[in-house]
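Visitor: Please read through the structure below; I'll follow up with questions.
The values are calculated or read from the model by the stated rules, or taken from the named source; none is laboratory data. Remember, it's a predicted structure, so these values are computed and weren't measured experimentally. Using ideal geometry, Cβ is built from the backbone for each residue, glycine included, and neighbour counts are taken over all protein chains shown.
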Amino acid sequence: MLKQRIITALILLPIALCGFFLLEGSAFALFIGLVVTLGAWEWARLAGFEAQSMRVAYGAVVAAMLLVLHLVPGLAPWVLGAAVLWWGVATFLVLTYPKTSEHWASAACKLVIGLLILLPAWQGLVLIKQYPLGNWLIMAVMVLVWGADIGAYFSGRAFGKRKLAPLVSPGKSWEGVYGGLLLSLVITLVVGLVRDWSVGQLLMGLIGAAIIVFISVVGDLTESMFKRQSGIKDSSNLLPGHGGVLDRIDSLTAAIPLFAVLLWMAAP
């Protein structure tokens, strides 16, 4: 399993980096769209559709909606606004699972939720890419999420006692969350000092990083909640040793649109 994970990571990492740094405009939107469409194909299974025809159809619908968003950029604020509302609702659903699961148990509801998760993630990346330092901002949100994951793993193993959401993901602990948050804040602090941020900018950066870390945890737990409800371990086996696309981007689907909103709010 470890060998598979390493080989898959060594193949995917250069592809991802080339896609993020070398592609621009429509090519970048298409690259991200392909990843999101694969995620949609996997989400249809979480929604209860095992037939390939239905899963492909849902992926095609999501791809068509991405095309509309690309052609009508004025829809972006509405998409990101919907994401903010959804991730607030998702936080409540995770904290109250399984008591509130009956409210989203239908296949139709799950398919709509898939749109609220996938479309804003694509939209957020496309918008972030348009900033002068777009490539580095994309790397920044990813480093924040990866830092949180790494910090959570080690602090959770060393100190984890209080379960974060035992009915959703029994392996996660509050100590892990705090460790991940601490590492991400340290990374933000170092970046701020190196880039000579003012005290105000540093404070806002740390607050923003904390928000991104917490919402990334919600993103991770949300997919875990839907997988648990569906009785599925991995979203698919597309990535040997890693599970599916959604298993790798679940935290980012929540972090990216919120990161884009925070950038917009911070703009002078």
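Visitor: Take the residues in region 66-97 that are in contact with a strand residue (DSSP E or B) (Cβ under 9 Å, 6 or more places away or on another chain) and in a helix (DSSP H, G or I), then tell me which one is surrounded by the most Cβ atoms within 10 Å (Cβ to Cβ).
Guide: Start the filter on region 66-97 by keeping residues that are in contact with a strand residue (DSSP E or B) (Cβ under 9 Å, 6 or more places away or on another chain), which leaves 94-95, 97.
Cutting the leftovers down to in a helix (DSSP H, G or I) gives us 94-95.
Values: 94: 22, 95: 13.
Among residues in region 66-97 that are in contact with a strand residue (DSSP E or B) (Cβ under 9 Å, 6 or more places away or on another chain) and in a helix (DSSP H, G or I), the one surrounded by the most Cβ atoms within 10 Å (Cβ to Cβ) is 94.
Visitor: Scan region 112-130 and tell me whether some residue there is at pLDDT 95 or above, over 16 Å from the mean Cα position of the chain (by Cα) and closer than 22 Å to residue 231 by Cβ.
Guide: Yes: region 112-130 contains one or more residues that are at pLDDT 95 or above, over 16 Å from the mean Cα position of the chain (by Cα) and closer than 22 Å to residue 231 by Cβ.
Visitor: Filter region 98-133 for residues that are touching a Leu at 6+ places or on another chain (Cβ under 9 Å) and surrounded by fewer than 20 Cβ atoms within 10 Å (Cβ to Cβ) and give the result.
Guide: Within region 98-133, 98, 100, 101, 103, 104, 110, 116, 129, 131 qualify.
Visitor: Can you pull out the residues in region 101-142 that are of a type in the set (Lys, Arg) and farther than 20 Å from residue 45 by Cα? Give the derivation first.
Guide: Keep residues of region 101-142 that are of a type in the set (Lys, Arg), which gives 110, 129.
Result: 129, single match.
Visitor: Within region 24-44, is even one residue more than 22 Å from residue 238 (Cα to Cα), out of contact with any His (no Cβ under 6 Å at 6 or more places or on another chain) and of a type in the set (Asp, Glu)?
Guide: As a first pass, look at region 24-44 and keep what is more than 22 Å from residue 238 (Cα to Cα): 24-27.
From the residues that got through so far, the ones that are out of contact with any His (no Cβ under 6 Å at 6 or more places or on another chain) too are 24-27.
Imposing the further condition that a residue be of a type in the set (Asp, Glu) reduces the set to 24.
Taking every residue of region 24-44 in turn, at least one turns out to be more than 22 Å from residue 238 (Cα to Cα), out of contact with any His (no Cβ under 6 Å at 6 or more places or on another chain) and of a type in the set (Asp, Glu).
Visitor: Do you know which residues across region 208-260 are free of Cβ contacts under 8 Å to residues at least 40 places away in the same chain and aliphatic (A, V, I, L, M)?
Guide: 210
Visitor: Does residue 215 satisfy the condition of being under 21 Å from residue 35 (Cβ atoms) and surrounded by 15 or more Cβ atoms within 10 Å (Cβ to Cβ)? I'd like the intermediate steps shown before the answer.
Guide: Numbers: under 21 Å from residue 35 (Cβ atoms): yes; surrounded by 15 or more Cβ atoms within 10 Å (Cβ to Cβ): yes.
In short, yes.
Visitor: How many of the residues making up region 39-58 are assigned to a helix (DSSP H, G or I) and surrounded by fewer than 20 Cβ atoms within 10 Å (Cβ to Cβ)?
Guide: If we filter region 39-58 for residues that are assigned to a helix (DSSP H, G or I), which is where we start, we get 39-46, 52-58.
Narrowing further to those that are surrounded by fewer than 20 Cβ atoms within 10 Å (Cβ to Cβ): 52-57.
Residues flagged as assigned to a helix (DSSP H, G or I) and surrounded by fewer than 20 Cβ atoms within 10 Å (Cβ to Cβ) within region 39-58 amount to 6.
Visitor: With the checklist (1) crowded, with 20+ Cβ neighbours inside 10 Å; (2) among the charged types (D, E, K, R); (3) modelled with pLDDT of 95 or more in hand, flag the one item residue 172 doesn't pass.
Guide: (3)
Visitor: Within region 175-188, how many residues are crowded, with 20+ Cβ neighbours inside 10 Å and in contact (Cβ under 8 Å) with a residue 40 or more places away in the chain? Let's see the steps before the verdict.
Guide: Keep residues of region 175-188 that are crowded, with 20+ Cβ neighbours inside 10 Å, which gives 176-177, 179-181, 183-185, 188.
Checking the rest, the ones that are also in contact (Cβ under 8 Å) with a residue 40 or more places away in the chain come to 177, 184, 188.
So the answer is 3.
Visitor: Let me ask another. Would you mention how many residues in region 228-268 are among the basic types (Lys, Arg) and closer than 16 Å to residue 118 by Cβ?
Guide: From region 228-268, those among the basic types (Lys, Arg) are 228, 233, 248; that's our starting set.
Adding the requirement that they be closer than 16 Å to residue 118 by Cβ leaves 248.
Qualifying residue count for the region: 1.
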